[in-house]
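Okay, structure first, notes after.
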Amino acid sequence: MEKEPADSPLDLSHLTEEEQSSILKVLQRDLELQRLDEGRVRSETDPARLRSLTGVWFDEERSKRHRNRASVCTLVHATLRHRKTKSRGKFSVNAILVLPISGYDVFKSYGCVCVCVCVCAQEDYGDYDSLSSSLTEPLTGSMMSLFSSGDFGLVEVRGRILFSLVYDTQKEELQVKVNRCEDIALARKNRSDPYVKSYLLPDKSSQSKKKTSVKKKTVNPVYDQTLRYKVRKGELPSRTLNLSVWHAEPLGRNVFLGEVEAALGLWDWSCTQPLWQDLQPRVHLNPDSISSRGTIVLSIKFIPDGYEGGGLPLTGELHIWLREAHGLLSNKGGAIDSFVRSFILPDASRQSGQKTRMTKRSISPTYNHTMVYDGFHTSDMREACAELTVWQREGLKSHVLGGIRLSCGTGQSYGEDVSWMDSTVEEVAVWTSMITNPNHWIDATLPIRTNLTHRSE
């Protein structure tokens, strides 16, 4: 087996001066963390724990696989021979790193962070103007109408349905007890053979579809059946239960007899008794009237410069931990491929932009991705805005579903009127709490809104 050649300096000529500077700052920050951690590690007397803390075990495993390879950190240090600092706008923001966290927390070795820095080609993110669809009227219509088409007016809807909802925390299961229907419409040939179908929207996949048995020749069917959904409790506020009644036609299209929808975020879970609800016709819902496309779960913190001691960090750092999203609502319904983009405004340059990995075929994707920005003073936080947008990938194109903007919501930045300082009350509360509680994670669950005011690129 031939010996692998020693690694030569990396060719980073394709990187701009700013990109090289950002990489070098990460490596310098890593060395500072190593020095700070040396005292703590030296005080450890347990050999096994010392081996774990110092990362010796990782170095040994790496040397077995790559015996003649220099570390990436060493190669980059050797390659970057100079740096220049450029200031853009009111403050200079450097996107330090993106840390995907899958199955374990940040990989530490002797106090240093394992960093992957990549330069990607610019993608087509579609028309950003689609963010500007503001909500002016309350929702009127069926969410199910977004995902289905056809003639739902063959019979005049009448009657009501009796059902109950229970969430089993131990099993993480939503139990939909369909008791019975009363005085429903006659379908064809002066008879109805009704059954009840359910979807846990926005999932319109076959996994979401549940059905009761068919009851023959009756307008007062009794079912007493339970339809079960495996769903985490945290996802319930972003889900809507659709129950529709149909006449089963053996040799033709089934006939729609009415439906009800229950927004689970508004449901009174203390009530476990069956409730009557009148069946409703399916009314078309205008997609532009939807104010939220799901919810996003995140944590955020700000570390002022020098807050950690020893002059570190050198500049203020903003950490955004994107955990997951719940109930992403696309125009077609069902599971989608999605990712999240971030900018720290007013800097909308490519250097400020970061994104998570793409999570495929999920209505409630887990991103578990940390974005870190530096270059801030504490006073900048009241002038800046963290814009996070959720994107759906379809084929070679991506389009935005909605997003959030974390800021003070003053409408101004550095004395100038700006359209993007349009945070909601909830978003302002999260951002303000982060400023007033430095170096502490602030947890938040916020609606992915569709009425973000358009900003010029």
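Sorting 298-309, 217-228 by average packing, meaning the other beta carbons within 10 Å per residue, from highest down gives 298-309, 217-228. Sequence-ordered 3J(HN,Hα) estimates for the range 171-182 from the Karplus curve with 6.51, -1.76 and 1.60 and θ = phi - 60° stand at 8, 6, 9, 8, 10, 9, 8, 9, 7, 6, 10, 9 Hz, glycine and proline given as x.
The residues of the range 292-449 expose, per residue, 37 Å² of accessible area to a 1.4 Å probe. A protection proxy built from the mean count of other Cβ atoms within 10 Å ranks the segments 383-389, 405-411, most packed first, as 383-389, 405-411. Relative to the globular-protein estimate of 2.2 N^0.38 Å, the Cα radius of gyration of the range 207-358 stands at 1.59. As a ratio to 2.2 N^0.38 Å, the alpha-carbon radius of gyration for the range 143-278 is 1.04. Rounded to the nearest 20 debye, the dipole magnitude of the range 292-449 is 960 debye, with +1 charges on Lys and Arg beta carbons, -1 on Asp and Glu beta carbons, and the Cα centre as origin.
Once the other residues with Cβ under 10 Å from the Cβ of Glu394 are scored (Lys, Arg +1; Asp, Glu -1), what is the net sum? Around Glu394, the surrounding residues sum to +2. The residues of the range 143-278 expose on average 51 square angstrom of accessible surface per residue, using a 1.4 Å probe on protein heavy atoms. The peptide list 265-273, 324-332, put in order of mean Cβ contacts within 10 Å with the highest first, becomes 324-332, 265-273. Using a 1.4 angstrom probe on heavy atoms only, work out the carbon and sulfur share of the accessible area of the range 143-278 in %. Heavy-atom surface of the range 143-278 belonging to carbon and sulfur, 1.4 Å probe: 45 percent. Overall, the ratio between the Cα radius of gyration of the range 292-449 and 2.2 N^0.38 Å, rounded to two decimals, is 1.05.
Note that the range 269-333 carries a Kirkwood radius of 17.2 Å, evaluated over its alpha carbons pair by pair.
Largest first, the residues Lys216, Lys204, Lys209, Lys197 sort by 1.4 Å accessible area into Lys216, Lys209, Lys204, Lys197. Computed over protein heavy atoms with a 1.4 Å probe, the carbon and sulfur contribution to the accessible area of the range 292-449 reaches 51%. Shape verdict for the range 312-393, please, from the Cα gyration tensor: rounded (a/c under 1.5), prolate (a/b greater than b/c) or oblate. Judged from the Cα gyration tensor, the range 312-393 comes out prolate (a/c at least 1.5, a/b above b/c).
The values are calculated or read from the model by the stated rules, or taken from the named source; none is laboratory data. None of these values were measured; they are calculated from a predicted model. When we count neighbours, we look across all protein chains shown, and the Cβ atoms used for this are built from the backbone with ideal geometry, even at glycine. We work out accessible area using only protein heavy atoms, side chains counted, and drop any ligands, DNA or RNA first. Shrake-Rupley method; radii C 1.70, N 1.55, O 1.52, S 1.80 Å.
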